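Please read the structure below before turning to the comments.
The values are calculated or read from the model by the stated rules, or taken from the named source; none is laboratory data. The model shown is predicted, which means the values in this text are computed figures rather than measured ones. As a convention, Cβ positions derive from the backbone with ideal geometry for all residues, glycine included, and neighbour counts pool all protein chains shown.
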Amino acid sequence: MNNVPPLKLKDPAAFGRVGLVIGGSSAEREVSLKGGRAVAAAMVRSKISHEVFDGPMALFDAIGQGRVDRVFNLLHGPDGEDGSLQGALQLMKIPGTGADLASSALSMDKVRSKWVWERNGISTPPFMHFGPGEKNYQSALDAFGLPVFVKPTCLGSSIGVSRVKSESELLAAVELSRSFGSTIIVEKEIRGGEYFAGILEQIALPLIRVVTPREFYDYTAKYESDETRYHCPCGLPPEVEQNLQVQALRAFHLLGAAGWGRIDFLLDEQGKPWFLEANTTPGMTDHSLVPQAAASIGIGFDELVWRILETSL
């Protein structure tokens, strides 16, 4: 699964003027800013002509002034990863990295992406979703028991996610998730190892297994803790890992996603994978998973940035 094709371009001038869009106004702003600094530094080292923009409106102004030929999108969450930016770029005929409008919107929506997976035989943890005004959360506990996870439907980085171990914790978890969006999901806990498959072009990168002393791989474990451990190689037999890479790539493509991204899943005690979500604009910080997986097969950070840019060709 790791036969990486050769680079398409040798001359950085072939990319034209790149607009690197970061930050924005979502709850994942700080993650985007940190990753954006690393990507911008890589572009400097690779002599790629670029300009950095904080949020889509500044980018659109520059496009209107003819200062941008293509976009490296590193916005996470609403307005950057949900199809909004992608649709605007499509109308302006400006190529960008990552998934298109439809697949970005679908991948960002945990409810609808899980429906697609279920319909196509991809296992995903059982869940119930609750829209505005729906409050029968007890029905999820009756169906799944405890613990459960409560999540916003359209946000990443584990922001607004809670592991609920008792009924008394449920309402606070719901209120937290609803503070990030009007629709939430309550999902059955699947006990098992946490694995991540980076996607680059048409290949799945080596799997990463993450181990954290925290209750789950939450925001702190992802971006702040020095106790999180990343295992790549992941420790699975090669034939098992390859099969999981194939399944992850299929899960990614079923949502129409392309370019680059990441699929997150659990592997239960029986060795069955349970797919959690797709990310069409993964993080690029020093703790991020796609750069770690790429490095394990000899793709350094600067080359990774170059290859992501090539997906916009």
Selected residue [within 27 Å of A295 (Cα to Cα) and of a type in the set (D, E, K, R)] from R17, R67, R112: R17
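Hey, among D82, D142, D69, which residue is without any contact (Cβ under 8 Å) to a residue 40 or more places away in the chain, outside the structural domain of D264 (by TED's automatic domain parsing) and either of a type in the set (D, E, K, R) or touching an Asp or Glu at 6+ places or on another chain (Cβ under 6 Å) (or both)?
Answer to the selection: D142.
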Cβ-Cβ below 7 Å, separation at least six or inter-chain, first residue in segment 258-271 and part of a strand (DSSP E or B), second of a type in the set (K, R): which pairs? D268/R191
Just for segment 142-189: of the residues that are in a helix (DSSP H, G or I) and small (G, A, S), which one is nearest to H76 (Cα to Cα)? S177
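Can you say whether Q86 is touching a strand residue (DSSP E or B) at 6+ places or on another chain (Cβ under 8 Å) and either surrounded by 22 or more Cβ atoms within 10 Å (Cβ to Cβ) or over 25 Å from I199 (Cβ atoms) (or both), as far as the supplied structure shows? Give the derivation first.
Numbers: touching a strand residue (DSSP E or B) at 6+ places or on another chain (Cβ under 8 Å): yes; either surrounded by 22 or more Cβ atoms within 10 Å (Cβ to Cβ) or over 25 Å from I199 (Cβ atoms) (or both): yes.
Answer is yes for this residue.
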Selection within segment 78-123 - under 23 Å from R250 (Cα atoms), out of contact with any Ser or Thr (no Cβ under 7 Å at 6 or more places or on another chain) and part of a loop (DSSP other than H, G, I, E, B): D100, N120, G121, I122, S123
It is to be established whether one or more residues within segment 157-178 are touching a strand residue (DSSP E or B) at 6+ places or on another chain (Cβ under 6 Å), surrounded by 16 or more Cβ atoms within 10 Å (Cβ to Cβ) and of a type in the set (D, E). no
So is I48 part of a loop (DSSP other than H, G, I, E, B) and either within 18 Å of the chain's Cα centre (by Cα) or not small (G, A, S) (or both) or not? yes
